[in-house]
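Novice: A single structure is presented below for examination.
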Amino acid sequence: MEMDLVLILHMIIASLAGTVLYTLIGIAPGTDETAVLAPVTMVMVLTGFEPIVILTFFISAIIAKKLTDSIPVAIAGIPGGVMSAPMVEHAMVLKKHGMPEVSIRKMASGSVIGTIVAVPLSLLLANFILPFGDTLSQYANQVFLGGAVFLALMTKSRWFALLSILPFAFLIQGLRNFYWEIGVVPEDTTVFTSFFLGITLGPVILKLVELLNRKVRDRLPRYGIKEIILTKRTPEKGFPNPFKILTKKEVGTSSIASFFGVLTFFMSPVGMTIFLGETLTSRIKEPIKRASRAVSSMDGLTNAAYISGTLIPLIAIGLPLSPTAIGPGGALFNAPPVFTPENNIHHMLSMGDFVLATIIGSVVAISITFYITIKYAQQICAFVFRYIPHEAMLGLFIGLVLMLSYMDAGILNIFGVILVGLVAGFLHRKGVNYGVQFMTLYAAPWLVSLFF
Amino acid sequence: MSIKDQNKDVENIEVWEDLVHIRDLVICLVICSLTTLGGYLIAPNEPPTPLIVGLIGAVVGFILCSIIIKPKRTFRYEEEK
C-alpha cells in the first residue's frame, strides 16, 4: 500500500513537470509536436522511469501542449505548433474584432471538452479493438508497410512519397549493417532511437547544413525583428467554468468534433481538424459566431485526436499505429533497450494502470493549464516572447540528438544521424510527411530482407 | 534601440518558423552541444547516470543561451481601446 502511494506521488510529480514544461514549450512559436515531445519522452524512457510514470508524464505533456499552443494563435496569429495552424484564419477574425481574449477562452474550453470526450471514449474503443490487437501485431511489418503506403497515397506528392519508401528503408538498413560490419554495435542491437530523432529533426538539420553554404545563405530572405503587439486586458476573477464560457451550440459542436477525432485516431490529426472544423461551421453566416464555433471545436478535436491517437494503439495493439503514436508518442512503443515492439508500455501496464495514468495525467494537466491559460495567457506569452530565444530552443533539441546519437553507436553515428536527417529533411520538404517516414523506419528490416 | 541592434535589423533569417541570427544560432548550437554531450561524457559510466547528467547539461545549456542571446522579437503592450 505504501509503495502504491509513493508511485502515485511520482505520477503526480511527473504530471506536474510535464504540465509546466509543455505549457511553456507550447507557447513558443513553431514548435512541432513530434520534435518537442519525442526527444524528452525518449530520454525519460531510457533513464529508466517507471512505465506508468512515463505514461502519466506524456498524457500531461500532450494535453498541456495542445491547450497552450493555441494561445499565440489567438494573441498574435502565430501558430504555436503544426496542429494549431488550421485555427489561424478563424482566430484572426476574432483578433480583428478586438477579441483575442474570447478566442483563448473558447479554444481552452474546447480543449477541456475534447479531453472529457476523448478519455472515456478512447478507453472504450481500445477495449473494443483489444481482441484484434494480437492478430494485428503478428502482421506488424505488413501493417507498417501498409501504413506507409496508405499515408503516402494521402499526401499531395503521392507518387514521390511512394517512391521514397524503399530507398529510405535501404538507407536505414544500410547504416545498421555497416555498424554491425565494423563492430561499433553488437549484431543483436538495432539502432533505432537516434534514427528516429534524425527523422524528427530532419527539416531543421537540413536547414542548418544549408546555412554552411555561402551562396544559399546570401540568397535567403532577411528579416528585421518580429514585432508582437498585445492588447492589455484586465485579469479574470474566480475559477473559470468551460461550460459557461462556451454557448450550448459550441459545446455541442466541440463534442461532435471530439467524438470524430477519437474515431479517426489513425488519420492525420491536422487533416481531420481542417476537414471537420470547416464542415461543422461552414453554414454559420455571422463571422464572429462562426469563428468562435470553429476555434472551440477545432481545439477540442486536436486534443481528442492526440489523446485517442496515443491511448488506443498503446492499450489495444502495442504498436504505434496512428500518426500521434508513431510521432510524438514513439518512445512509448520503441526505445531499445527499455521498450521494444514486443515489450513496451502495452505489455507492461494493466488496464487499471492505463486508466489511473490517464486520469491523473489529464486531470492535473487540464486543471492547471486551463486555469492559468484563462487567467495568465498574456503574461506567459509575454515571458516566452521576451526571454526565450528561438536559438536556445534549436540548440536544446540538437544537443539532445547529438547525445543520443553518440549513445547509440559512438562518434560515427553522429554522422550517420546527420545523413538520415538530411535525407529525411529533403523528403519532408518534398511533401513526404513524418508518418510515411516513421512507418518506413519500422518496416525497414523486414522490407529490405524481402530482397535477399 | 542601440546602433548595434540597428545593424542586426535585417540580418535575421527564418529557421523552423521563427527568426534567428546566424551568429547567435552558432553560439547556441555550440553551447548546448558542449553542455549536453559534455555532461554525458564526464558522468561516471553507470547507466543511467550519463543520460541524467546529459539531460541536466541540456537544461543548463538552454538557460545559458536564454541569458546571453536576445530573442529576435520586440514586444509591447497596447492599451485597450
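Novice: Counting only other chains, and only Cβ atoms inside 10 Å, what mean value do you get across the residues of A:403-415? All intermediate terms of the calculation are to be shown ahead of the outcome.
Specialist: Details: counts 16, 4, 1, 6, 6, 0, 0, 0, 0, 0, 0, 2, 0.
Average per residue, whole number: 3.
Novice: Hey, rough spin-label estimate for residue A:411 and residue A:162, points 7 angstrom out along Cα→Cβ, what's it come to in nanometres?
Specialist: 4.5
Novice: Take the Cα atoms of the range A:328-420, find their three principal axes, and give me the spread along each one in whole Å, biggest first.
Specialist: 48, 42, 16
Novice: Just add up the charged neighbours of residue A:360: K/R +1, D/E -1, any other residue whose Cβ is under 14 Å from the Cβ of residue A:360. List each step's numbers first, then the result.
Specialist: Numbers: positive: none; negative: A:4, A:50, A:353.
Summing Lys/Arg as +1 and Asp/Glu as -1 gives -3.
Novice: For the protein assembly as shown, evaluate the Debye formula with one uniform point scatterer on each Cα (no solvent term) and list log10 I(q)/I(0) at q = 0.05, 0.06, 0.08 Å⁻¹, rounded to two decimals.
Specialist: Here the Debye-derived log intensity ratios amount to -0.19, -0.27, -0.49.
Novice: Using only atoms on other chains, find how many Cβ atoms lie within 10 Å of each Cβ of peptide A:34-47 and report the average.
Specialist: Values: counts 0, 1, 0, 0, 0, 1, 2, 0, 1, 6, 2, 0, 5, 8.
Across A:34-47, the average partner-chain Cβ count within 10 Å equals 2.
Novice: Okay, next question. Go through the range A:238-250 residue by residue and turn each phi into a ³J(HN,Hα) via Karplus (6.51, -1.76, 1.60, θ = phi - 60°); whole Hz please, and just put x for glycine and proline.
Specialist: Values per residue, Gly and Pro as x: x, 8, x, 10, x, 6, 8, 5, 8, 6, 4, 5, 5 Hz.
Novice: May I pose another question? On a 0 to 90° scale, report how tilted helix A:100-138 is relative to the longest principal axis of chain A, with both axes built from alpha carbons and the result rounded to the nearest 10.
Specialist: 40
Novice: Just in the range B:32-81: which GluC sites (Glu not before Pro) are loop by DSSP and have at most 11 other Cβ atoms within 10 Å?
Specialist: Working: sites: B:78, B:79, B:80; in loops: B:79, B:80.
For GluC sites (Glu not before Pro) across the range B:32-81 that sit outside H, G, I, E and B with at most 11 neighbouring Cβ atoms in 10 Å, the list reads B:79, B:80.
Novice: Using mean Cβ contacts within 10 Å as the protection proxy, how do A:308-315, A:250-257 order, highest first? Spell out each step's value before the answer.
Specialist: Numbers: A:308-315: 27.9, A:250-257: 22.5.
In decreasing order of mean packing, A:308-315, A:250-257 become A:308-315, A:250-257.
Novice: I've got another one for you. Quick one: what are the phi-derived ³J(HN,Hα) couplings along the range A:154-169, Karplus 6.51/-1.76/1.60 with θ = phi - 60°, whole Hz, x for glycine and proline?
Specialist: Calculated HN-Hα couplings, in order: 7, 7, 5, 9, 5, 6, 5, 4, 5, 5, 6, 4, 5, x, 5, 4 Hz.
Novice: Under the rule of at least 5 residues apart or a separate chain, name every residue whose amide H is placed under 5 Å from the amide H of residue A:340.
Specialist: Those lying under 5 Å, H to H, from residue A:340 are A:335.
Novice: What does the structure give for B:57-69 when I average, per residue, the other chain Cβ atoms found within 10 Å of the residue Cβ? Walk me through the numbers on the way to the answer.
Specialist: Numbers: counts 3, 11, 2, 0, 4, 8, 2, 2, 9, 8, 3, 3, 6.
The mean count of partner-chain Cβ atoms within 10 Å per residue comes to 5.
Novice: Would you please give the residues with an amide H less than 5 Å from that of residue A:433, counting only those at least 5 places away or on a separate chain, with H modeled from the backbone geometry?
Specialist: Amide H neighbours of residue A:433: none.
Novice: Residue by residue through the range A:53-63, what is 3J(HN,Hα) from phi via Karplus (6.51 cos²θ - 1.76 cosθ + 1.60, θ = phi - 60°)? Round to whole Hz and write x for glycine and proline.
Specialist: Ordered by residue, 3J(HN,Hα) equals 5, 5, 5, 4, 4, 5, 4, 4, 4, 5, 5 Hz.
Novice: Can I ask one more? Once you put a point 7 Å from the Cα of residue A:229 and another 7 Å from the Cα of residue A:430, both along the Cβ direction, what distance in nm separates them?
Specialist: It is 4.4 nm.
Novice: List the trypsin sites (Lys or Arg not before Pro) within the range A:342-442 that DSSP assigns to loop and that have no more than 14 neighbouring Cβ atoms inside 10 Å. Don't skip to the end; give the middle numbers.
Specialist: Numbers: sites: A:375, A:386, A:429, A:430; in loops: A:430.
Hits after loop and neighbour filter: A:430.
Novice: Another question, then. For the range A:65-168, take the alpha-carbon Rg, divide it by the Kirkwood Rh, and send me Rg/Rh. Before the final figure, lay out the partial values.
Specialist: Values: Rg = 19.5 Å, Rh = 17.0 Å.
Reported Rg/Rh (Cα atoms, Kirkwood Rh): 1.15.
Novice: Evaluate the distance, in nm, between pseudo-label points positioned 7 Å from the Cα of residue B:46 and of residue B:10 along their respective Cα→Cβ axes.
Specialist: Reported label-point gap for residue B:46 and residue B:10 is 6.0 nm.
Novice: Let me know the volume per residue of the alpha-carbon convex hull for the range B:22-68, in Å³. Display every interim value, and only then the final one.
Specialist: Numbers: hull volume 2.2 nm³, N = 47.
Cα-based convex hull of the range B:22-68, divided per residue, equals 46 Å³.
Novice: Right, here's the next one. For chain A, find the longest principal axis of its Cα atoms and tell me its angle to the long axis of helix A:287-312, 0 to 90°, nearest 10.
Specialist: 40
Novice: As an exercise, use a Förster radius of 25 Å and the Cβ-Cβ distance of residue B:70 and residue A:17 to find the FRET efficiency, rounded to the nearest 0.05. Working shown, then result.
Specialist: Working: r = 28 Å, r/R0 = 1.11.
So, using R0 = 25 Å, E works out to roughly 0.35.
Novice: Using amide H atoms built 1.01 Å from N in the peptide plane, name the residues 5+ places from residue B:15, or on other chains, whose amide H lies under 5 Å from its own.
Specialist: B:20
Every number in this text was worked out from the coordinates using simple rules, so none of it is lab data. Model, not experiment: these values are computed from the prediction. Cβ coordinates were reconstructed from backbone atoms using ideal geometry, including for glycine residues, and neighbour counts include every protein chain displayed.
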